[in-house]
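Novice: Before I ask anything, here is the structure I am working with.
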Amino acid sequence: TPNDRDDVDLAVKTKTRTQRPPLYKVLLLNDDFTPMEFVVYVLERLFSLTHAQAIEIMLTVHRKGVAVVGVFSHEIAETKVAQVMELARRQQHPLQCTMEKE
Ligand code: TYC
């Protein structure tokens, strides 16, 4: 029969790849002036970290100059950065927060 050969009726498969939205790292930068307890407060309040996790990340930034605080969609990352910068500005701390594509 015509279809005895496997290659005759092989379906044409189109590979569909799921589009994953790019993710962005939110980075916290060290400086010499922002109080450690303010950084811990910001991390707890805006990134839903426990007190222990917040202290750990703050100390990493303090020692190494920068650390990833979290990974988010573009919109959430932008909002987090803006919220950190606004809290710091209100208290007149030079704390800097930025984002970068993962
Ligand atoms: N280096 C600051 C100090 O000694 C503390 C600090 C930690 C500041 C993390 C910013 O993102 C930062 N007071």
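The values are calculated or read from the model by the stated rules, or taken from the named source; none is laboratory data. Worth saying up front: this structure is predicted, and the values here are computed from it rather than measured. Here the Cβ positions follow ideal geometry from the backbone for every residue, glycine too, while neighbour counts run over all protein chains shown. Heavy atoms of the whole protein, side chains included, go into the accessibility calculation; ligands, DNA and RNA do not. Shrake-Rupley method; radii C 1.70, N 1.55, O 1.52, S 1.80 Å.
Novice: Over the alpha carbons of the range 20-69, what is the largest minus smallest coordinate on each principal axis, giving the biggest first in Å?
Specialist: Result for the range 20-69: principal-axis Cα extents of 38, 21, 14 Å.
Novice: Leaving out same-chain residues fewer than 8 places away, which lysines sit with a Cα under 18 Å from that of residue 80?
Specialist: 25, 101
Novice: Among residues other than residue 95 whose Cβ falls under 10 Å from its Cβ, what is the net charge (Lys/Arg +1, Asp/Glu -1)?
Specialist: Around residue 95, the charge tally is 0.
Novice: When the accessible area of the chain is computed with all protein chains present and a 1.4 Å probe, what percentage of it is carbon and sulfur?
Specialist: 51
Novice: Keeping all protein chains in place, calculate the accessible area per residue for the range 17-102 (probe 1.4 angstrom), answer in Å².
Specialist: 67
Novice: Top to bottom by accessible area (1.4 Å), largest first, where do 89, 17 land?
Specialist: 17, 89
Novice: Sticking with this structure for a sec: Given Cα positions, please report Rg to Rh for the range 31-96, the hydrodynamic radius being the Kirkwood one.
Specialist: 0.93
Novice: Modelled label-to-label distance, residue 38 and residue 82, 7 Å Cα→beta-carbon offset: nm?
Specialist: The two pseudo-label positions are separated by 2.2 nm.
Novice: Moving on to the next point. Before rounding to the nearest 500, sum -39500 (n - 2.57) across all DSSP H runs of length at least 4 in the chain and divide by the residue total; then give [θ] at 222 nm in deg cm²/dmol.
Specialist: Taken over the chain, the calculation gives -13500 deg cm²/dmol.
Novice: Taking the full set of protein chains and a 1.4 angstrom probe, give the accessible area of residue 99 in square angstrom, rounded to the nearest 10.
Specialist: Approximately 50 Å² for this residue.
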